[in-house]
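Student: Could you have a look at this structure, given as structure tokens, before my questions?
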Amino acid sequence: MPLSASSSSSPSHEQDKPPLRQALDPISSPYMSSINGTLSIAKDVLMGHFQSETHRSESTRILSDLAPSLMQPRFLNAANTYGPAKSLGKAPARPNSLLRLPTSLPQGLYSVGNQTTSNSLAIIEAVDRLTALSLDNSGNAQSSEEEVPSLIKGFKATIPSSELAKQRRRMIRGGLVDQDLGFEKIGLKKLGDRARGLLTEGGEDDASERGELDIGRKAKRRRRQRETRRISEGRHLQGKLHLEDLVQQADEISQDKENLHVRQSLIHAEILEVSAKIDALEEIRRRLEASLLHLQEEDLELDDELEGVQELMASPAIKSAAGTKAVTASAAAAVSNKSSRRRKGPAFLPSEHDELPSGVAFMTLNGHTAPITALDFSEPYGMLVTAGQDDIVKVWDLCDGEEIGELRGHTGSVKALQVEDTLCLTGGSDGAVRLWDLRMVEDYEERLKSQLEELARQDPLERIAGQRAAEEDLKERDEFDWDEGPSGITEASIIDPSGGSPCVRTLEGHSKSVTALYYEDGCLVTGSSDKTIRQWDVATGQCVLTMDILWAISNPPAAPAPEPSSQAPPRLRHRSAVTGQQFAVPTPPYADGTWEMYQDFVGGVQFWGYALASGSGDGGVRMWDMRTGQAHRTLIGHTAPVTCLQFDEMNIVTGSLDKTIRIWDLRMGQVSEVHRYEYPVTALQFDSRKVVACTGENGVEVYNRTTHNHSRLTVNGHIKPAEKMRFIDKYLVSGGRDGCAKVWAM
């Protein structure tokens, strides 16, 4: 049955049509005619190669017009997603790309004449609305405020035939002018003007125009004549075009403007799509960079773990157990160049530690009644030693968080201490340095407790008589110890000084408080408020070298000539306090508003081989040669006393009361990074991956050296500013001004 009624049909044929068909013909005839036009075009294209030469040329022209628009990615993707029609035969191996386009009619359209239903009538009535709908997935929300044009509108606006109306209008305007000018020959410039639809300048001689190049009165006269001719030539169009032609041109111009808006919408949609792809690629890039940083941190962890294994291989216990072939020469050389204190490597933590949430304090040790001044521990879940302003030094068991005992012997508070395995070194305000065997603390506490209980049961008169006898005996031996214990009686009157005490050696030499110390491989270096640094031989208890900081300040090493553009080095604000007899500088207020007088002239010391670094109250960081006792370099940058420092092969990191942490490049002798905080920096420690510091706040500051991110440990933390800290791998212990110590999982 044909899709549209033919004008040559007989009256008998009209009567044979069903009543519904006769009713639908007036409604569907306009749309059926357009379908017939589409079918005729498709037939001419597909069947052109099997017809005469004229039909083949016509089909070639149609294909050349359609190809630039149909061969776009949008239409090709639509062709790939279009459902293939059902066929009985096998699909060809390499189908033609044109045949894959959605040019075939839907399956139900062929049976419209045979199966007429209410749905068919609804579709015919909604043709205008359906043609305006977009074929894109409606579930994808458009981010653009403008509505994306439908596929049919985009097709009409981008096919080459959409430009035919514009070309026809230009040809009409150019032809009318040429007709009025007598169809005379015109030059290339005028041909271009006519092609653009502009008014041409007739009657002008190209040769004379090329010959006259002067820019005087003749040029101005020619310009006035040219403008007069343009005005007169514009009048040729008046009366040549009728009203219908002008209305048609106005409609065509409106259609061209609509096509331009459609193209703009399409380009805008493509720009948004490209922007979305760029955002997706940026997100992928960010994730890949995060993965790369994670891999770099794992690489650094493996390096530290390798150092830890090499240190264990080089230990005397492993060597003696394995024999002479325990460590190769290369491994021994690698281990000998490393410092166990500066780079301990990752700790072999128990598996339960990995289950703890990171950044949370999982243990609190309460025992001091004043701010903690120093702390250190042997290993994770080992023994911890803390000292406070309450003049008490406590030893803790980190496995169960219980107090083991106290280290009694110093007069006054302890401001510096270090724990190496079972050896503990403490420096006090009495100027003495004491060495303790931590294995003897528990037995000593039990023996002391039992003797105190026995004295409590003893008759007071007998106890006084026994004390006098003991004092006389000690005077005869000249070995009396006047250090008082917590019970108010001397330790010498309770315990025999010849054995049982955990203090194994006392080093005396400083005249003021010992504020910093560093021990490694039998060598000890201490810094004191008497403005000197001393090197000790722990085995003999003798001071082998004394370095005077005041002499180094008054005789600085020759500094390199500063660059013309460099600024003047900063100076310490309290210069008089440095050279005075008593050093005292007020600290900036902490986060809780408290402050105190800072009297530790030497804030930190550390050595490696013969190289020694010290930070002092004048804000200078000095590098010393321990073979000569001379300072050969001074790093100037801090404007307040240096409170802490640490260095490795490449960098030295310092903290100061000027609220900054500076990372220095040892090769260049200059600052590579400066981190500023709101409150003074009182303690720091770093490894290859992070820098951890106490910056005058309740939390502990953590700076990731790989990602350059700052974070803070605050969960279940201190209620007052953190003062001191120490970490090994992912295990950290901090002490605050609240008198308690916190154990963190990092």
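The values are calculated or read from the model by the stated rules, or taken from the named source; none is laboratory data. All values derive from a computational prediction rather than experimental measurement. Ideal geometry is used to build each Cβ from the backbone, glycine not excepted, and the neighbour counts take in all protein chains shown. Accessible surface is based on the protein model in full, side chains and every heavy atom, while ligands, DNA and RNA are left aside. Shrake-Rupley method; radii C 1.70, N 1.55, O 1.52, S 1.80 Å.
Student: With the full set of protein chains in place, find how many percent of the accessible area of the range 426-476 is carbon and sulfur; take the probe as 1.4 Å.
Tutor: Exposed carbon and sulfur together represent 46 percent of the surface.
Student: Per the 1.4 Å probe, what fraction of the accessible area of the range 352-404, in percent, lies on carbon and sulfur atoms?
Tutor: That fraction is 44 percent.
Student: First compute the accessible area of the range 607-746 with a 1.4 Å probe, then give the percent of it belonging to carbon and sulfur atoms.
Tutor: The C+S portion of the solvent-accessible surface of the range 607-746 is 47 percent.
Student: Next question. Taking 0.36 nm per residue of separation and subtracting the Cα-Cα distance, what length does fully extending ALA470 through THR364 add?
Tutor: Working it through step by step, the gained length comes to 34.0 nm.
Student: Moving to a separate point now. Note down the nm distance, to one decimal, between modelled labels 7 Å out along Cα→Cβ at ASP443 and at ARG226.
Tutor: 11.5
Student: Keeping all protein chains in place, calculate the accessible area per residue for the range 571-711 (probe 1.4 angstrom), answer in Å².
Tutor: Spelled out: the 1.4 Å probe surface of the range 571-711, per residue, equals 39 Å².
Student: Hey, another quick one. Per 0.36 nm of contour for each residue apart, how much would the distance between ALA321 and GLN264 grow if the chain were fully extended, relative to their Cα-Cα spacing?
Tutor: Extra length available between ALA321 and GLN264 comes to 12.3 nm.
Student: In debye, nearest 20: dipole of the range 644-695 around its Cα centre with unit charges on the Cβ of K, R (+) and D, E (-)?
Tutor: 100
Student: Quick one: length gained pulling LEU293 to SER511 fully straight, 0.36 nm per residue minus the C-alpha distance?
Tutor: Fully extending the segment from LEU293 to SER511 adds 73.5 nm.
Student: Could you give the dipole magnitude of the range 571-713 about its Cα centre, charging the beta-carbon of Lys and Arg +1 and that of Asp and Glu -1, in debye to the nearest 20?
Tutor: Dipole magnitude for the range 571-713 comes out near 360 debye.
Student: If I model a spin label as a point 7 Å beyond the Cα along the Cα-Cβ vector, how far apart are those points for ASP390 and ILE159 in nm?
Tutor: About 9.3 nm separates the two model spin labels.
Student: Suppose each label sits 7 Å from its Cα in the direction of the beta carbon; what would the ILE253-SER275 distance come out to in nanometres?
Tutor: Placing both labels 7 Å beyond Cα along the Cβ direction yields 3.3 nm.
Student: Which residue, CYS399, ALA370, MET383, has the largest displacement toward the positive end of the dipole of the range 361-411 when charges sit on each Cβ (Lys, Arg +1; Asp, Glu -1)?
Tutor: It is ALA370, whose Cα lies furthest towards the positive end.
Student: Considering only protein heavy atoms, what is the solvent-accessible area of THR364 at a probe of 1.4 Å, reported in Å² to the nearest 10?
Tutor: That residue has around 50 Å² of solvent-accessible surface.
Student: What ranking, highest mean first, results for peptides 657-664, 513-520 when packing means the other Cβ atoms within 10 Å averaged over each residue?
Tutor: Listed from highest to lowest mean packing, they are 513-520, 657-664.
Student: Skip the ligands, DNA and RNA, and give the accessible area per residue of the range 270-320 with a 1.4 Å probe, whole Å².
Tutor: Value for the range 270-320: 77 Å² per residue.
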